[in-house]
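Heads up: the structure comes next, in structure tokens.
The values are calculated or read from the model by the stated rules, or taken from the named source; none is laboratory data. None of the values given here were measured: they were computed from a predicted structure. A quick note on method: Cβ atoms are made from the backbone with ideal geometry, for glycine too, and the neighbour counts reach across all protein chains shown. These area figures cover heavy atoms from the full protein model, side chains too; ligands, DNA and RNA do not enter into them. Shrake-Rupley method; radii C 1.70, N 1.55, O 1.52, S 1.80 Å.
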Amino acid sequence: MIFQYKYELKLSQLLKFINFKKLNILDFGCGIGNWSAKDIKSQIVEKITLYDKNKKLIKNLKKKYSNKKVNINFNYKNLKKKNNFNLILFSSVIQYFAFAQLKKIIHDFSKNKKKNLVIIITDIPFVPRLIEFILLPFFNIRRFIFVLPLIFSREYKKIDFFSYKKVHFKNFEDKFNIKYIYNLHDLKFLRYSLVMTLKK
């Protein structure tokens, strides 16, 4: 990505919605990596796998994370084949996926799943980018100041941006129990988060 808004999502926030003794996490669309040393060392964390489509991030991620619990794997086919994750996290990245792409990813990782799986999607925009930008200074001035120069960037304008209403996720109700929650990031009123728990 051409930008990375820094907001650290804490493990303690996620644990409110998960009841697993050990976590094998896939951070899908990890960007520059926002896992703290404290969270990585947590006894409940068995493994964190970082994935992003931007392979240029690998070098910096390897420098940032030397802990053996952190696995950097940018090979989608390999991840799909391995598929031993019980928590998949989409943290502030869903707006860059078309719905068909998101649907395929969720299908790939929930297909023939025998054990528990929770998918947490955070920072989901429900209004178009321009409307969100106009409203942003009323809800989060810090984000507004960060986004302001990007709005006029030619490269930023080329990036597809997708908003998601709750009706989109009805497509997953046959396989998942879905719980809509307050946004786990710092934009509480213009975005939301959700927890998808695989039905047994």
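In the condition set (1) open to solvent by less than 60 Å² (accessible area, probe 1.4 Å); (2) assigned to a loop (DSSP other than H, G, I, E, B), K68 is compliant with all but (1).
Put simply, of F152, F138, F109 the only residue that is in contact with a Phe, Trp or Tyr (Cβ under 8 Å, 6 or more places away or on another chain), of a type outside the set (G, A, S) and on the phi < 0 side of the Ramachandran plot is F109.
Here the range 116-138 is the region considered, the condition is being over 29 Å from S12 (Cα atoms) and not in a loop (DSSP other than H, G, I, E, B), and the residue that is least open to solvent (accessible area, probe 1.4 Å) is F133.
This table checks each residue for (1) among the hydroxyl-bearing types (S, T, Y); (2) touching a residue at least 60 places away in the same chain (Cβ under 8 Å).
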site: K115; (1), (2): no, no
site: I119; (1), (2): no, yes
site: V127; (1), (2): no, yes
site: L136; (1), (2): no, no
site: R154; (1), (2): no, no
site: K157; (1), (2): no, no
site: F172; (1), (2): no, yes
site: Y180; (1), (2): yes, no
site: L184; (1), (2): no, yes
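Scanning the range 62-101 for residues that are closer than 15 Å to L26 by Cα and aliphatic (A, V, I, L, M) yields V70, I72, L79, L87, I88, L89, V93, I94.
This table checks each residue for (1) of a type in the set (A, V, I, L, M); (2) assigned to a loop (DSSP other than H, G, I, E, B); (3) under 19 Å from the mean Cα position of the chain (by Cα).
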residue	(1), (2), (3)
Q43	no, yes, no
K53	no, yes, yes
L57	yes, no, yes
K63	no, no, no
K80	no, no, yes
F85	no, yes, yes
F90	no, no, yes
Q95	no, no, yes
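Tally up the residues in the range 80-115 that are more than 16 Å from E173 (Cα to Cα) and open to solvent by less than 10 Å² (accessible area, probe 1.4 Å), please. Matching residues across the range 80-115 total 7.
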